[in-house]
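Everything below concerns the one structure shown next.
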Amino acid sequence: MKTKVTELLGIEYPIIQGGMAWVAEYHLAAAVSNAGGIGLIGAASAPPEVVREQVRKCKELTDKPFGVNVMLLNPNAEEVAKIVVEEGVKVVTTGAGNPAKFMGLWKENGVKVIPVVASVAMAKMMERAGADAVVAEGMESGGHIGSITTMALVPQVVDAVSIPVIAAGGIGDGRGLAAAMMLGAEGVQMGTRFVAAKESIVHQNYKERLFKASDIDSEVTGMSTGHPVRSLRNKMTKEYLRLEKEGADFMELEKLTLGSLRNAVIDGDVVNGTVMAGQIAGMVKKEQSCSEMIQEIMEQAEKLLDGTR
Ligand code: TUI
């Protein structure tokens, strides 16, 4: 399937793997790229030198293009931004903030820059700043989210910018990809589905929690702090939401989530940890290789889109 996004990134299929904190490490990124999509290493809050190591290891596993997601709430974001250039990474996505101050550095060095945005205003700002494409991410996504849905956000962003738009949030299979194309997107970014990949290093408890999840099993914590995060309901989310209702202050809430994503992903503590996942969690029922996933998604989408474009 050729789209503006496959052309821009030099890939076979218009499927981008989300740059998920702790989850999106080099094994997953390389597997998605080798399967014809594009994998991302999620720099999240990792020390900059760890990101460099991850990039080098990814290069050993794939000759295909791959990228790095720079999480802008990370105090080390500037160092990560430079490492990306030093290591010759060709694609960067950004999340949780405005990447304008790094745009010059990346563009001068031929890096394709794809900011993740959650509003039309941010998408327009990113286009003016020189972005090559944007990911329009709806609030169905896991992790740090904006406030509007993918169905409403994507067509409004498509109408507002001339650069290609990649849809994210609530997309878990070929039907989601086909629907996104009908909204005017040129590709999709998927996170939750790839958490369950064979090549994903997340703890088995995390995968099992995902397989057990139903459509209504995610909660949004952190509305009161200005950093809303979607994750699967557990002891932590219940306690967090109770404290938020009581008007707890930021520091008290922070205590509950400090290191909690790592605890879930690496140690498998799905009771007290943060099990980030999107609203499509209920559709993810089995472990598959990235290649099986991508083949299945593409076959389904091609059938649905046949004759529509
Ligand atoms: O970034 C994400 N998703 C994430 S980042 C993350 S790590 C984290 N963990 C705990 C608390 C906070 C972060 C987990 N999931 N998605 C992309 C995304 N970006 N969603 C929404 C935004 C966004 C929000 C505000 C983008 C720009 C923006 O602009 C604000 C500004 O600075 O103008």
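Numbers below:
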read-out: Over 20 Å (Cα to Cα) - which of 112/303; 101/124; 90/303 fall in this group; value: 112/303; 90/303
read-out: Proximal lysines to residue 255, defined as alpha-carbon separation beneath 29 angstrom and excluding residues fewer than eight positions away on the same chain; value: 207, 212, 235, 238, 245
read-out: Accessible area of the range 1-131 belonging to carbon and sulfur atoms, whole % at 1.4 Å probe; value: 52 percent
read-out: Pairwise Cα inverse-distance average, inverted: Kirkwood Rh of the range 71-180 (Å); value: 14.3 Å
read-out: Gain upon complete extension [residue 100, residue 82; 0.36 nm per residue less C-alpha separation]; value: 5.1 nm
read-out: Gain upon complete extension [residue 296, residue 238; 0.36 nm per residue less C-alpha separation]; value: 17.3 nm
read-out: Exposure rank, largest accessible area first [22, 106; 1.4 Å]; value: 22, 106
read-out: Cα-based equivalent ellipsoid, the range 166-309: semi-axes from gyration tensor eigenvalues, Å; value: 32, 18, 11
read-out: Three-way shape label, the chain, alpha-carbon gyration tensor, a/c 1.5; value: rounded
read-out: DSSP bridge pairs, the chain: antiparallel proportion in percent, nearest 5; value: 20 percent
read-out: Average accessible area per residue (Å²) across the range 1-105 - probe 1.4 Å, nucleic acids and ligands excluded; value: 39 Å²
read-out: Fraction of alpha-carbon pairs over 17 Å apart in the range 171-210 - percent; value: 41 percent
read-out: Kirkwood-based shape ratio for the range 11-91, expressed as Rg/Rh from alpha carbons; value: 0.94
read-out: For the range 210-293, alpha-carbon Rg over 2.2 N^0.38 Å; value: 1.17
read-out: Added length on full extension, which subtracts the Cα-Cα distance from 0.36 nm per residue, residue 175 to residue 220; value: 13.7 nm
read-out: Rounded to whole Å, sorted largest first: equivalent-ellipsoid semi-axes of the range 1-135, Cα gyration tensor; value: 20, 18, 13
read-out: Spatial separation of Cα centroids for the range 132-211 and the range 76-105, in angstrom; value: 21 Å
read-out: Cα centroid of the range 219-275 to Cα centroid of the range 281-307, whole Å; value: 31 Å
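The values are calculated or read from the model by the stated rules, or taken from the named source; none is laboratory data. Just so you know, these numbers come straight off a predicted model, no measurement behind them. Accessible surface is based on the protein model in full, side chains and every heavy atom, while ligands, DNA and RNA are left aside. Shrake-Rupley method; radii C 1.70, N 1.55, O 1.52, S 1.80 Å.
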